[in-house]
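Below is one structure, written out as structure tokens, with a few remarks after it.
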Amino acid sequence: MNHYNNDLRKDCERKDKQAIGMAEAHVDNRSFKCLICLQECNTPRQLSCFHTFCTGCLDTYINSEYVTEDNRTYFPCPVCESPCYPHDKDDPVSTWAGSFPRNQLFASSMFKETESGQTFCNGCLTDDEENVASFWCKACSEALCQPCRVAHRRSKLLSTHKVIAIDEVSKTDIRMPVFVDNTCPRHTGKTIEVYCHDHNALCCVLCVALLHRRCTNVKSIGDTAQMFSLDVIECELGKMTDESKTIVEEDENKLTTLESDYEKMTSNVAMIIEKAKDKLDDLQKRFQTGLDVTYRRHQDSLHKRLRTNRIFQANIENTNQLMRIVKDKNPDVETFIVTEQSKTQLLRHVRRLQQMTGDKHNTFELKMRYDDVLEKVINMMTTVGRLEVSSSLSSSSHDSLTSIRQIIDTLQTTSSVTSFSESTSSSDMLRDVGHVTVPSSSIAPRIDVWTGSLSLVKSVNKGSIGGSKTPRLTGGVFIEGEGLLATDYKNKKLLLFDDSYEYIGHYDMDNSPIDITRGFEPNELIMTQIDSSLIRYTFRDGCITTTDSISSAQQCWGIDTLGDNMLTGTDYSVEISTSDFKQVASIPKRGYNTFVAASPNGLFYHSDEDVIVCRSRDGKEVHRIMCKGIKELRGITLDQDGNVYVCGMESGDIHLISHDGSKGRILLSRISGITRPYAILHHPTRQEIIVTSWQENVVFEVYKFCDQ
């Protein structure tokens, strides 16, 4: 490892010398960007995950996005979604943003002055007040107004400081007071004094006692800082900056290309339509609507991806700028602390970046297949052509993201300090601290549904869908590349929503649809209807086509597939059939409106009045469980781990049951905008739950899991 570090440092030194001119050119550009607005950070507030935002941006984010009716006392970081808690959970939500500490490193490099060039008092700015400074404390490196100068002189600790008129200080000195927060983020009032080399962790004495007692490579922060080398970090951050720029530039180019394709296609279609305008005006409008929807969907996708990568680029630039400031103006200890903090927040950011953009395409090529006999059969045509979109993630963006992940891994596995000969165990350093046993922990890739909570992320109202009657969604299925296709029982429609649950359009049905599921072939769907029929469809390129249907002797409600079999719930039984609708078994049950859900492990679940029954593939009962307090059990769904989610229409709650029935919990005792939940769906890849209403103003709500 030491040989690797030395080689890496030499390589970085060579690159640093080549780029020294560029570094000097930007040394005076000391502004930091807010990771929400991507503008210069105004009154910067730092969250516990080390990400920094404008106070105003953070306040708007908290109030508009995460003020919910369930009285949560935290909110997720806008960038990495780490849970963030205000200083006092009982404070009004409007004060949460201001309760987080100012990022003094950001604030000190972005000094504020009046229009005439006078400097504002640093102490007053801490309380978001702008008062002109008249004095400068050399020891504190702070500008002071007259009242703050008096308070400064009266302080026993500060009275000996050398204070001069601010006119005697150069603007360069005023711009560069640097403050490093060395307080422990876990333990109030404790400072960072120790570094654990086993976990690459900054610790206070309590951290060592509680979390690192069995670690063997623990050093004081001063000793570690003396061996600290910034060369490797600067080199890797430089590489990461280049890769992030590549991704952003690629997204910008692809967005321009997509817009160009859109403009060209719009123009070309208009030219063809013009030849038979009187007869094709209606077709042109229909085509243009479809093109606009497709274009905006992929444009929005690229905008979201571009913003995510811009935020990451801004974070990297902030970190680079931070390194330059700290390196030039601070002793080794503060430099080391800032470096380790930056590494921590970068790791969280990259993980979030990979989750949000790693599999998101950024290349969308719009093509048009024109009908070559358009002019010959103009009176017979029902469409101008078929709009096709081929999407992919460009190789350069994929390579850059992979490279960034590798750089982060290098930063985590490569020590930023030189080797040391003497190892100190935490037990040696804390002989006088009582023994505390704390289990080791690791960062889980997904939220534990048994300890996490549900957070409302979206409500869809009937006004956004339209129609003469309030929708009643009784089922739905997720279709890859399209979104959510839901059954609107009341209006005899199938409603299509994109991956962000925005309404796209609808498909008219002959009868009221009840439930829908994936079929046995690609692009195949099977649906139950109120007329006791089972309909088989194909859904391809936004078009739905009936391929088969059969009438049932009983009214069918819920439907799902398990292997080669089809499961349907009727008023009095659960029917098991083959893929061609031939009955295999009929299982009697109690209650009405039966819904079913199948698990990949060969089990399926159904309701029996207000009891959930688990059965094997052949219909044999495995176990049954009663959800405490649930009334009129309706919807039922499963997540990727086989856990069962059900909702009570009359009790208005959501319950969670383990796949083996050994445990259960009430996830939501009350749903935000829905009083009578009917259907429940689980997103196939995200930890999100969709709950529909029994014909209310809120058609459905989307919840996602988060830490308590």
task = Would you check if there is a residue in the stretch 598-606 being out of contact with any Leu (no Cβ under 9 Å at 6 or more places or on another chain) and at pLDDT below 90?
result = yes
note = Scanning the stretch 217-233 for residues that are small (G, A, S) and either under 34 Å from the mean Cα position of the chain (by Cα) or modelled with pLDDT under 85 (or both), the one surrounded by the fewest Cβ atoms within 10 Å (Cβ to Cβ) turns out to be G222
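Yes or no, residue by residue, for (1) aliphatic (A, V, I, L, M); (2) modelled with pLDDT under 75; (3) in a loop (DSSP other than H, G, I, E, B); (4) in contact with a Pro (Cβ under 9 Å, 6 or more places away or on another chain):
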position	(1), (2), (3), (4)
R348	no, no, no, no
R351	no, no, no, yes
Q354	no, no, no, no
R369	no, yes, no, no
M380	yes, yes, yes, no
L401	yes, no, no, no
S419	no, yes, yes, no
S427	no, yes, no, no
P445	no, yes, yes, no
message = Could you go through the stretch 556-570 and let me know if any residue there is in contact with a Ser or Thr (Cβ under 6 Å, 6 or more places away or on another chain) and at positive phi.
response = no
task = Give the number of residues within the stretch 187-216 that are under 20 Å from L347 (Cα atoms) and at pLDDT 80 or above.
result = 6
message = Taking the criterion of being surrounded by 15 or more Cβ atoms within 10 Å (Cβ to Cβ), modelled with pLDDT under 80 and part of a loop (DSSP other than H, G, I, E, B), would at least one residue in the stretch 129-142 satisfy it?
response = yes
inquiry  = Residues that are out of contact with any His (no Cβ under 9 Å at 6 or more places or on another chain) and among the basic types (K, R): does the stretch 194-215 have at least one?
reply    = yes
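Consider I273 carefully, then state whether it is assigned to a helix (DSSP H, G or I) and crowded, with 20+ Cβ neighbours inside 10 Å. Step through it out loud before you land on a result.
Working: assigned to a helix (DSSP H, G or I): yes; crowded, with 20+ Cβ neighbours inside 10 Å: no.
When the stated conditions are applied, I273 does not pass them.
Among the residues of the stretch 628-641, are any of a type in the set (K, R) and surrounded by 23 or more Cβ atoms within 10 Å (Cβ to Cβ)? Break it down stepwise before answering.
First pass over the stretch 628-641, keeping only residues of a type in the set (K, R): 628, 631, 634.
With the extra rule that they be surrounded by 23 or more Cβ atoms within 10 Å (Cβ to Cβ), the set shrinks to 634.
Looking for residues that are of a type in the set (K, R) and surrounded by 23 or more Cβ atoms within 10 Å (Cβ to Cβ), one finds at least one in the stretch 628-641, hence yes.
Select, from F604, F595, F581, the only residue that is closer than 22 Å to R536 by Cα, in contact with a strand residue (DSSP E or B) (Cβ under 6 Å, 6 or more places away or on another chain), in contact (Cβ under 8 Å) with a residue 60 or more places away in the chain and not polar (S, T, N, Q).
On the way: F604 fails: in contact (Cβ under 8 Å) with a residue 60 or more places away in the chain; F581 fails: in contact (Cβ under 8 Å) with a residue 60 or more places away in the chain.
Every option except F595 fails the conditions.
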request  = Would you mind telling me which numbered condition in (1) surrounded by fewer than 19 Cβ atoms within 10 Å (Cβ to Cβ); (2) at pLDDT 90 or above; (3) over 20 Å from E502 (Cα atoms) V698 fails?
outcome  = (3)
note = If we keep only residues of the stretch 485-495 that are under 18 Å from T538 (Cα atoms), touching a residue at least 40 places away in the same chain (Cβ under 8 Å) and not hydroxyl-bearing (S, T, Y), then the residue surrounded by the most Cβ atoms within 10 Å (Cβ to Cβ) is A486
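Looking at I514, I535 in this structure, which one is surrounded by fewer than 21 Cβ atoms within 10 Å (Cβ to Cβ), at pLDDT 90 or above, of a type in the set (V, I, T) and under 26 Å from Q554 (Cβ atoms)? Break it down stepwise before answering.
On the way: I514 fails: surrounded by fewer than 21 Cβ atoms within 10 Å (Cβ to Cβ).
Going through I514, I535 in turn, just one is surrounded by fewer than 21 Cβ atoms within 10 Å (Cβ to Cβ), at pLDDT 90 or above, of a type in the set (V, I, T) and under 26 Å from Q554 (Cβ atoms): I535.
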Selection from the stretch 578-616 of residues that are closer than 19 Å to N643 by Cβ, assigned to a loop (DSSP other than H, G, I, E, B) and out of contact with any Lys or Arg (no Cβ under 8 Å at 6 or more places or on another chain) = S599, P600, N601
remark   = For F581, the lone unmet condition from (1) at pLDDT below 90; (2) loosely packed, with under 15 Cβ neighbours inside 10 Å is (2)
ask   = Which of the residues spanning the stretch 649-703 are in a loop (DSSP other than H, G, I, E, B) and among the aromatic types (F, W, Y)?
value = W694
task = Could you name every one of the strands (runs of 3 or more DSSP E) located completely within the stretch 475-544 that has at least 3 residues being within 17 Å of P684 (Cα to Cα) and under 31 Å from the mean Cα position of the chain (by Cα)?
result = 483-488, 513-518
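The values are calculated or read from the model by the stated rules, or taken from the named source; none is laboratory data. Predicted, not measured: the structure shown is a model, and the values here were computed from it. Don't worry about glycine lacking a Cβ; one is built from the backbone with ideal geometry, like all the others, and counts go over all protein chains shown.
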